[in-house]
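A.B. asks: First, the structure itself, so that you have it in front of you.
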Amino acid sequence: MFLLEIFMRRTPTIIDVAQRAGVSPSTVSRALMKPELVSEQTRATIEAAVDAIGYRINVGAQNLRRQRTRNIVVLTPNLQNSYYFDVLAGISSAVTDAGFNLLIGDGATIGALGNDFDVRHYLDSSLADGIILMDSTYLGGLAASPDKATRIPIVLASLWLEDQSIPSVRVDNIAGSGLAVDHLVSLGHHKIGHVRGPTGVILAKTREEGFCKAMAAHNLPVREDWLVAGGSSLQAGKDAADIWLAMPPEDRPSAIYCYSDNIAIGLMGSLQQKGLSIPRDLSLVGFDGIELGTHLAVPLTTIEQPRFEIGKKSAAAVINIIETPDAPPQELHTILPVQLVVRNSTARI
């Protein structure tokens, strides 16, 4: 009988709160949604009534009235890359604190299932209140539907558009490349190569630009045959190792700066499997600062990005646009510093 009574109890409504507090339902609504419009005494009376009868705001109905989903979608290129885990941790922290739900789309998984990924699918306010993009692969969809892209807040994390039209949070990639080259030159290296990132990706283009500028600043040549095609995977590093080994020993770079830690780790592992020593035979510098680089037999020297902070600031930016759409625009682009972390994969020549 007791259980039956529990199941039959009616969920308290805003009308019940109004009757208990002796005010109108509209006054209760104002007190709950815009408390600054209600006197302190009335607000206290309504809060007491809410507590007494156990009233809970219907978030789903509230979001429906506001035409909100409370969802933020994050689109990543490949969750197998641990770099994105750290950025996602920062995003999750800010999203959760603000009372939003986090939905994650993994481009690699979608592609493996044989599906074509199109960001335009998410440019619909009925699916999400905002989007955080973490890979340039998705930018084509924005360019193809500029009208849709303006309907929902979008922030780019770790990347940006050439025309700078969409808010972004990223690091100073040119400065990061400069730190890598400066470090290698300080160790006596003058024959320095670079393993590029994915073709057509603005991050890869910018890090290579920073590499070339830093080499020029040290009056060192940038040899085209030492600019090795890469990507973003461990396999790209293994392929780069094969290219380096195929070069005449007397005409190889003594040091290589890699687009990412993943490439550097793949390159290092491949050379070690063939009996070579890092850094005796080759000094290596990566970019990103992923945790795996600290656990290698030869810990990786790297350019470390503040990954958690990138995620947290990206989420804060998109939430700010969602919550205050009519507010004056804040800083459109946030550029965070990087730092050189010297470990054992580089040595004096």
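The values are calculated or read from the model by the stated rules, or taken from the named source; none is laboratory data. Owing to the predicted nature of the structure, the values given are computational and were not obtained by experimental measurement. No Cβ is skipped: glycine too gets one built from the backbone with ideal geometry, and neighbour counts run over all protein chains shown.
A.B. asks: So which residues in the range 240-254 are within 30 Å of Asp135 (Cα to Cα) and touching a strand residue (DSSP E or B) at 6+ places or on another chain (Cβ under 8 Å)?
C.D. replies: Result: Ala240, Ile243, Trp244.
A.B. asks: Just name the residue that is nearest to Phe100 (Cα to Cα) out of those in the range 315-329 that are touching a strand residue (DSSP E or B) at 6+ places or on another chain (Cβ under 8 Å) and surrounded by fewer than 21 Cβ atoms within 10 Å (Cβ to Cβ).
C.D. replies: Checked the range 315-329; the qualifying residue nearest to Phe100 (Cα to Cα) is Ile322.
A.B. asks: Looking at the range 31-57 only, could you name the residues that are β-branched (Val, Ile, Thr) and free of Cβ contacts under 8 Å to residues at least 12 places away in the same chain?
C.D. replies: Answer for the range 31-57, where residues must be β-branched (Val, Ile, Thr) and free of Cβ contacts under 8 Å to residues at least 12 places away in the same chain: just Val38.
A.B. asks: May I ask you to list the residues in the range 270-311 that are without any contact (Cβ under 8 Å) to a residue 12 or more places away in the chain and of a type outside the set (Ser, Thr, Tyr)?
C.D. replies: Gln273, Gly275, Leu276, Asp281, His295 - these are the residues of the range 270-311 that are without any contact (Cβ under 8 Å) to a residue 12 or more places away in the chain and of a type outside the set (Ser, Thr, Tyr).
A.B. asks: Considering every residue within the range 271-291, establish whether at least one is of a type in the set (S, T, N, Q), part of a loop (DSSP other than H, G, I, E, B) and loosely packed, with under 14 Cβ neighbours inside 10 Å.
C.D. replies: Yes, the range 271-291 has at least one match.
A.B. asks: Now for a different question. Please pick out the residue among Ile202, Ile174 that is of a type in the set (A, V, I, L, M, F, W, C) and at pLDDT 95 or above.
C.D. replies: Result: Ile174 is the single residue among Ile202, Ile174 that is of a type in the set (A, V, I, L, M, F, W, C) and at pLDDT 95 or above.
A.B. asks: Look through the range 82-92, keep the residues that are surrounded by fewer than 22 Cβ atoms within 10 Å (Cβ to Cβ) and touching a residue at least 40 places away in the same chain (Cβ under 8 Å), and return whichever of them is nearest to Leu234 (Cα to Cα).
C.D. replies: Result: Ser82.
A.B. asks: For the structure I just gave you, tell me whether Asn115 is assigned by TED's automatic domain parsing to the domain that holds Asn81 and either modelled with pLDDT of 90 or more or more than 16 Å from the chain's Cα centre (by Cα) (or both).
C.D. replies: Criteria met by Asn115.
A.B. asks: Among Ala246, Ala229, Ala240, which is touching a Leu at 6+ places or on another chain (Cβ under 6 Å) and of a type in the set (A, V, I, L, M)?
C.D. replies: Of Ala246, Ala229, Ala240, the one residue that is touching a Leu at 6+ places or on another chain (Cβ under 6 Å) and of a type in the set (A, V, I, L, M) is Ala240.
A.B. asks: How many residues does the range 183-211 contain that are closer than 18 Å to Leu340 by Cα and free of Cβ contacts under 8 Å to residues at least 24 places away in the same chain?
C.D. replies: 1
A.B. asks: Among the residues of the range 219-246, write down those that are surrounded by 14 or more Cβ atoms within 10 Å (Cβ to Cβ) and not in a helix (DSSP H, G or I).
C.D. replies: Leu220, Val222, Arg223, Leu227, Val228, Gly230, Gly231, Ser232, Ser233
A.B. asks: Please go through the range 321-348 and pick out each residue that is small (Gly, Ala, Ser) and either in the same structural domain as Ala255 (by TED's automatic domain parsing) or farther than 30 Å from Ser283 by Cβ (or both).
C.D. replies: Ala327
A.B. asks: Please count how many residues of the range 148-181 are surrounded by fewer than 21 Cβ atoms within 10 Å (Cβ to Cβ) and either touching a His at 6+ places or on another chain (Cβ under 8 Å) or on the phi > 0 side of the Ramachandran plot (or both).
C.D. replies: The qualifying residues number 1.
A.B. asks: Another question, if that's okay. How many residues are modelled with pLDDT of 90 or more and either over 19 Å from Ser168 (Cα atoms) or among the charged types (D, E, K, R) (or both) if we restrict to the range 71-102?
C.D. replies: Qualifying residue count for the region: 8.
A.B. asks: Can you find a residue that is within 25 Å of Ser136 (Cα to Cα) and in contact (Cβ under 8 Å) with a residue 24 or more places away in the chain anywhere in the range 242-254?
C.D. replies: Within the range 242-254 (the criterion being within 25 Å of Ser136 (Cα to Cα) and in contact (Cβ under 8 Å) with a residue 24 or more places away in the chain), the answer is no, since none of the residues qualifies.
A.B. asks: Looking at (1) out of contact with any Asp or Glu (no Cβ under 6 Å at 6 or more places or on another chain); (2) closer than 21 Å to Gln80 by Cα, which one does Gly286 not meet, given that it meets all the others?
C.D. replies: Here Gly286 clears every test but (1).
A.B. asks: I've got another one for you. Across the range 255-295, what is the number of residues that are touching a Lys or Arg at 6+ places or on another chain (Cβ under 8 Å) and acidic (Asp, Glu)?
C.D. replies: Selection size over the range 255-295: 1.
A.B. asks: Here's a follow-up. Do you know which residues across the range 254-275 are touching a Leu at 6+ places or on another chain (Cβ under 9 Å) and of a type outside the set (Gly, Ala, Ser)?
C.D. replies: Those that are touching a Leu at 6+ places or on another chain (Cβ under 9 Å) and of a type outside the set (Gly, Ala, Ser): Ile256, Tyr257, Cys258, Tyr259, Asp261, Asn262, Ile263, Ile265, Leu267, Met268, Leu271, Lys274.
A.B. asks: On to the next question. What are the residues in the range 300-323 that are over 18 Å from Val338 (Cβ atoms) and either more than 22 Å from the chain's Cα centre (by Cα) or not polar (S, T, N, Q) (or both), if any?
C.D. replies: Those that are over 18 Å from Val338 (Cβ atoms) and either more than 22 Å from the chain's Cα centre (by Cα) or not polar (S, T, N, Q) (or both): Ala315, Ala316, Ala317, Val318, Ile319, Ile321, Ile322, Glu323.
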